[in-house]
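Q: My structure is below; once you've seen it, I'll send some questions.
The values are calculated or read from the model by the stated rules, or taken from the named source; none is laboratory data. The shown structure was predicted, so the numbers you read here are calculated from the model rather than taken from an experiment. Positions of Cβ are backbone-derived with ideal geometry, glycine not excepted, and every protein chain shown enters the neighbour counts.
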Amino acid sequence: MTRRSAVIASIGAVLALAVGVTAFVALVSNSTGPTINNALGSASCSVPRLDGERVDVTISDAGDAMMSQEPMMATITSDPTSVAVGRVSFVVYNNGALVHEMVVLPLPADGPGTRPTGANGKIDEAHSLGEASRSCAAGVGDGIAPDSIGWTTMTLKPGRYELVCDEPWHYAAGMFTVFTVH
């Protein structure tokens, strides 16, 4: 390697490092903060009295490194995993480091985790029965902030459902579980 090649390689390495550090700082600065409206930071609140059977859903992740790990370190779990037909209130705890949501969809015929992911990293929510995606509130919003709670109540018929996180690429990372109504 010539001296000129070594200098060019060194400059390239320094530039790559600078771009990486800048991207990291931007990511961290955009994923923390105390606000609730845009789902950043954490929010402490209590869940109001809700109708129907209560299902506690816990969402967790491995932070910003989640997408680069094998296997993906992202989960949704529910307790209980099945309920009787009727009114159901899902209380969703975001124990992760990233913003999440929980959407209830009929289980696809191909089974859990088989929904196609679009170029934007999201799945088709056209058949959604409801979602919890607001910090300290019910229903649709900008996501549940880390260390926060969201909830939703709906009437479910007998069948199998898929509880999913549809933040970009989260479903593809394994953030889904099966829920049964009997």
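Q: Do we have ILE76 as in contact with a Gly (Cβ under 8 Å, 6 or more places away or on another chain), closer than 21 Å to GLY141 by Cβ and at pLDDT 90 or above here?
A: Details: in contact with a Gly (Cβ under 8 Å, 6 or more places away or on another chain): no; closer than 21 Å to GLY141 by Cβ: yes; at pLDDT 90 or above: yes.
The answer is no for ILE76.
Q: For region 109-170, please list each of the strands (runs of 3 or more DSSP E) lying entirely inside it that holds at least 1 residues being modelled with pLDDT of 95 or more and either loosely packed, with under 14 Cβ neighbours inside 10 Å or of a type in the set (Ser, Thr, Tyr) (or both). Before the answer, list the steps.
A: Numbers: elements: 130-132, 148-156, 159-164.
In region 109-170, the matching strands (runs of 3 or more DSSP E) lie at 148-156, 159-164.
Q: Right, next: Just give me the residues in region 138-182 being of a type in the set (Gly, Ala, Ser) and in contact (Cβ under 8 Å) with a residue 24 or more places away in the chain, in sequence order. Let's see the steps before the verdict.
A: Of all residues in region 138-182, those of a type in the set (Gly, Ala, Ser) come to 138-139, 141, 143, 145, 148, 150, 159, 172-174.
Scanning region 138-182 gives GLY141, GLY143, ALA145, SER148, GLY150, GLY159, ALA172, ALA173, GLY174.
Q: Further, regarding this structure: Could we say that LEU98 is outside any loop (DSSP other than H, G, I, E, B) and of a type outside the set (Ser, Thr, Tyr) here? Before you say what the answer is, go through the steps one by one.
A: Values: outside any loop (DSSP other than H, G, I, E, B): no; of a type outside the set (Ser, Thr, Tyr): yes.
No; evaluated as a whole, the condition is false for this residue.
Q: Next up: Every residue in region 46-73 that is of a type in the set (Gly, Ala, Ser) and modelled with pLDDT of 90 or more, please. Write out each step before concluding.
A: Of region 46-73, the ones of a type in the set (Gly, Ala, Ser) are 46, 52, 60, 62-63, 65, 68.
The answer is GLY52, SER60.
Q: Does MET102 satisfy the criteria of being surrounded by 15 or more Cβ atoms within 10 Å (Cβ to Cβ) and at pLDDT 95 or above?
A: Details: surrounded by 15 or more Cβ atoms within 10 Å (Cβ to Cβ): yes; at pLDDT 95 or above: yes.
Spelling it out, MET102 is indeed surrounded by 15 or more Cβ atoms within 10 Å (Cβ to Cβ) and at pLDDT 95 or above.
Q: Still on this structure, I have one more. Being buried (at least 23 other Cβ atoms within 10 Å of the Cβ), modelled with pLDDT of 95 or more, of a type outside the set (S, T, N, Q) and farther than 15 Å from THR58 by Cα is true for just one of VAL92, VAL88. Which residue is that?
A: Working: VAL92 fails: farther than 15 Å from THR58 by Cα.
Matching residue, one of VAL92, VAL88: VAL88.
Q: For region 79-134, give me the residue count where each residue is closer than 22 Å to GLY159 by Cβ and among the hydroxyl-bearing types (Ser, Thr, Tyr). I'd like the intermediate steps shown before the answer.
A: Initial filter on region 79-134 (closer than 22 Å to GLY159 by Cβ): 79-92, 101-116, 123-132.
Restricting the remaining residues to those that are among the hydroxyl-bearing types (Ser, Thr, Tyr) gives 81-82, 89, 114, 128.
Selection size over region 79-134: 5.
Q: Can you name every residue in region 171-182 that is buried (at least 18 other Cβ atoms within 10 Å of the Cβ) and aliphatic (A, V, I, L, M)?
A: Within region 171-182, ALA172, ALA173, MET175 qualify.
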